Amino acid sequence: MDKLIVLHNTMCTKSRGLISILEEKGIPYEVRFYLKDPLTKKDLTTLMQQLDNPTELVRVKDAIKKGYLEEGTKLTPKLCLSLLTEHPELMERPVVMRGGKALIARPPELIENWL
């Protein structure tokens, strides 16, 4: 079976909740702390291709609040890639990846049906 990778932010309650679910169920996983070890442009491109809706990967409200986006801006995959390459803190979390597929596990309980 392919390895489950969690893109994790320790400050995020949803991300910590996902880790708790995986631990409770005894599901093996690997953590990547994406703020300390940011994804490359190539990594982000691959991740976005694995998501059903790649534009959901950006935390839009945070991007607007920090002045990286204007309200009403339509997100495109190209814009998302640019934002996340320069500002990894704008990534929605938690994100899980396995077997060429990815899921934004928000709420964390989404993982149960995804696995």
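Within segment 54-63, the residues that satisfy the criterion of being part of a helix (DSSP H, G or I), in contact (Cβ under 8 Å) with a residue 24 or more places away in the chain and not aliphatic (A, V, I, L, M) are Pro54, Thr55, Glu56, Asp62.
Taking the criterion of being assigned to a helix (DSSP H, G or I), more than 10 Å from the chain's Cα centre (by Cα) and acidic (Asp, Glu), would at least one residue in segment 64-81 satisfy it? Checked segment 64-81: no residue is assigned to a helix (DSSP H, G or I), more than 10 Å from the chain's Cα centre (by Cα) and acidic (Asp, Glu).
For segment 39-88, taking the residues that are acidic (Asp, Glu) and within 17 Å of Ile104 (Cβ to Cβ), the one that is most open to solvent (accessible area, probe 1.4 Å) is identified as Asp52.
Are any residues in segment 1-19 without any contact (Cβ under 8 Å) to a residue 40 or more places away in the chain and either touching a Ser or Thr at 6+ places or on another chain (Cβ under 8 Å) or polar (S, T, N, Q) (or both), and if so, which ones? If the condition is that a residue be without any contact (Cβ under 8 Å) to a residue 40 or more places away in the chain and either touching a Ser or Thr at 6+ places or on another chain (Cβ under 8 Å) or polar (S, T, N, Q) (or both), then Thr10, Thr13, Arg16 are the ones that fit. For segment 80-108, filtered to residues that are in contact with a helix residue (DSSP H, G or I) (Cβ under 8 Å, 6 or more places away or on another chain) and free of Cβ contacts under 8 Å to residues at least 40 places away in the same chain, the residue that is farthest from Asn53 (Cα to Cα) is His87. Checked against (1) modelled with pLDDT under 95; (2) within 15 Å of Asp43 (Cβ to Cβ), Glu71 passes all but condition (2). Quick one: Ala102 ticks every box in (1) aliphatic (A, V, I, L, M); (2) within 25 Å of Asp2 (Cα to Cα); (3) in a helix (DSSP H, G or I) bar one, so which box is it? So the condition that Ala102 fails would be (3).
Mind listing whichever residues of segment 1-53 are hydroxyl-bearing (Ser, Thr, Tyr) and not in a loop (DSSP other than H, G, I, E, B)? Steps first, answer last, please.
Of all residues in segment 1-53, those hydroxyl-bearing (Ser, Thr, Tyr) come to 10, 13, 15, 20, 29, 34, 40, 45-46.
Those that are hydroxyl-bearing (Ser, Thr, Tyr) and not in a loop (DSSP other than H, G, I, E, B): Thr13, Ser15, Ser20, Thr45, Thr46.
Among the residues of segment 67-84, are any within 20 Å of Leu18 (Cβ to Cβ) and not β-branched (Val, Ile, Thr)? Working first, answer last.
The initial filter retains those residues of segment 67-84 that are within 20 Å of Leu18 (Cβ to Cβ), namely 84.
The next check asks that each one be not β-branched (Val, Ile, Thr); those that pass are 84.
Within segment 67-84, one or more residues are within 20 Å of Leu18 (Cβ to Cβ) and not β-branched (Val, Ile, Thr).
The values are calculated or read from the model by the stated rules, or taken from the named source; none is laboratory data. Remember, it's a predicted structure, so these values are computed and weren't measured experimentally. Note that each Cβ is placed from the backbone with ideal geometry, even for glycine, and that neighbours are counted across all protein chains shown. Heavy atoms of the whole protein, side chains included, go into the accessibility calculation; ligands, DNA and RNA do not. Shrake-Rupley method; radii C 1.70, N 1.55, O 1.52, S 1.80 Å.
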